[in-house]
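Structure first, then comments.
Every number in this text was worked out from the coordinates using simple rules, so none of it is lab data. These figures come from a predicted structure and were not determined experimentally. All Cβ positions, glycine included, derive from the backbone under ideal geometry; neighbour counts span all protein chains shown.
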Amino acid sequence: MIPEDQIPPHPGIILERDYMKPRELTPAQVAEKLGGNWSEAKVTAIINGKEGVSEKSAQDLSQLFGTTADFWNNLQQQYFQWARAKRETEKGPIKVKKKR
């Protein structure tokens with residue numbers, strides 16, 4: 001198992017902790033500022049780790065918070081790679097059925 005201190009944070013944690021809280025923004029306010037297909041539910045889902053950051057979302061977040069889209073994409077990719085490795089580890093070795 002990967003040590004707790006090596007788990008990359010979900011982008012939603014970074015969004016809330018480093019970008020929303022310092023600016024005292026609520027999910028509803030972020031959604032309103034982003035416009036388009038953004039909703040309070042979508043922002044909340046990202047914060048709670050229920051939804052990832054797509055490339056389009058990364059572009060939108062970068063424009064709102066003055067970052068780059070690569071910043072958000074890299075956070076998402078690191079988290080995705082860790083989660084995939086964790087799932088594979090938990091499944092255990094692949095079992096091959098013997099032919100009779």
Study note, to complete from the structure: In Å³ per residue, the alpha-carbon convex hull of segment 1-52 encloses 75 Å³
**Study point:** Relative contact order for the chain, counting Cα pairs under 8 Å that sit 6 or more residues apart, in percent
**Key:** 30 percent
Check your understanding: Can you list the GluC sites (Glu not before Pro) in segment 6-74 that are in a DSSP coil and have 16 or fewer other beta carbons within 10 angstrom?
Key -> E24
Practice item. Tell me the Kirkwood hydrodynamic radius of the chain in angstroms, computed as one over the mean inverse distance between distinct C-alpha pairs. Key: 15.0 Å
Exercise for review: Divide by every residue of the chain the summed helix terms, -39500 (n - 2.57) for each DSSP H run of at least 4, and state the resulting mean residue ellipticity at 222 nm, rounded to the nearest 500 deg cm²/dmol.
Suggested key: -16500 deg cm²/dmol
